[in-house]
Amino acid sequence: MSAAVEETLKRIQSHRGVKGVLIVNSDGIPIRSTLSTEVTDSYAGLIAQLTYKASSVVRTLDETDGLTFLRIRSNKEEIMIAPDRDYLLIVIQRHELN
């Protein structure tokens, strides 16, 4: 992986509350992750499927449109997904306690 990509991953990971960063290919196979193998595999497969479905919904509603970002917020964490043609960038962040 290029030095620029590694530097970007380090920068994202350094933000407060970030639990992990994953890069996944279009088949849902992890390319790079800051999480354990078990957690990475769980997130990679499920998020890739969900992103594919969300992208399909956007194109069905308007065939000239495309999914550019997907954010999922649960009670404990937030998952941010930036899809590209060949890869997904997934960032998992814990909620900040106020």
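The values are calculated or read from the model by the stated rules, or taken from the named source; none is laboratory data. If you're wondering where the values come from, they're calculated on a predicted model, not measured in any experiment. When we count neighbours, we look across all protein chains shown, and the Cβ atoms used for this are built from the backbone with ideal geometry, even at glycine. Accessible surface areas use protein heavy atoms only, side chains included; no ligands, DNA or RNA. Shrake-Rupley method; radii C 1.70, N 1.55, O 1.52, S 1.80 Å.
Quick check: the angle from helix 3-13's long axis to the longest principal axis of the chain, C-alpha only, nearest 10 degrees?
For helix 3-13, the angle is close to 80 degrees.
Could you work out how far apart the two model spin labels at Thr37 and Ile72 are, taking each label as a point 7 Å from the Cα in the direction of the beta carbon, and quote it in nm?
In this crude spin-label approximation the distance works out to 2.4 nm.
If you project the alpha carbons of the range 6-56 onto their three principal axes, what span does each projection cover, largest first, in Å?
32, 22, 19
If you project the alpha carbons of the chain onto the principal axes, what extent comes out on each, in Å, largest first?
Answer, in whole Å and largest first: 37, 37, 24 Å.
Find how many whole Å separate the alpha carbon centroid of the range 51-67 from the alpha carbon centroid of the range 1-49.
So the separation of the two Cα centres works out to 23 Å.
Considering amide H positions built from the backbone, and no H for Pro or chain starts, which residues 5 or more places from Tyr87, or on another chain, come under 5 Å of its amide H?
Those lying under 5 Å, H to H, from Tyr87: there are none.
Using the alpha-carbon atoms, what tilt in degrees (0 to 90, nearest 10) does helix 37-61 show relative to the longest principal axis of the chain?
The two axes meet at around 30 degrees.
Would you list which lysines come within 28 Å of Lys53, measuring only between C-alpha atoms, while excluding same-chain residues fewer than 8 positions from it?
Cross-link targets: Lys19, Lys76.
Can you list residues from other chains, or at least 5 along the same chain, whose modelled amide H is less than 5 Å from the amide H of Leu35?
It is Val21, by chain and number.
Give me the accessible area per residue for the chain, probe 1.4 Å, as a whole number in Å².
Working: 6810 Å² over 98 residues.
The answer is 69 Å² per residue.
How far, in nm, would the chain grow between Ile12 and Arg85 when pulled straight, counting 0.36 nm per residue and subtracting the alpha carbon separation? Don't jump to the answer; show the numbers that get you there.
Working: separation 73, 0.36 × 73 = 26.28 nm, distance 2.09 nm.
Length difference between fully extended and current span is 24.2 nm.
Considering only protein heavy atoms and a probe of 1.4 Å, how much of the accessible area of the chain is carbon and sulfur, as a whole percent? Present the calculation step by step, with values, prior to reporting the outcome.
Working: 3490 of 6810 Å².
Of all accessible area on the chain, carbon and sulfur atoms account for 51 percent.
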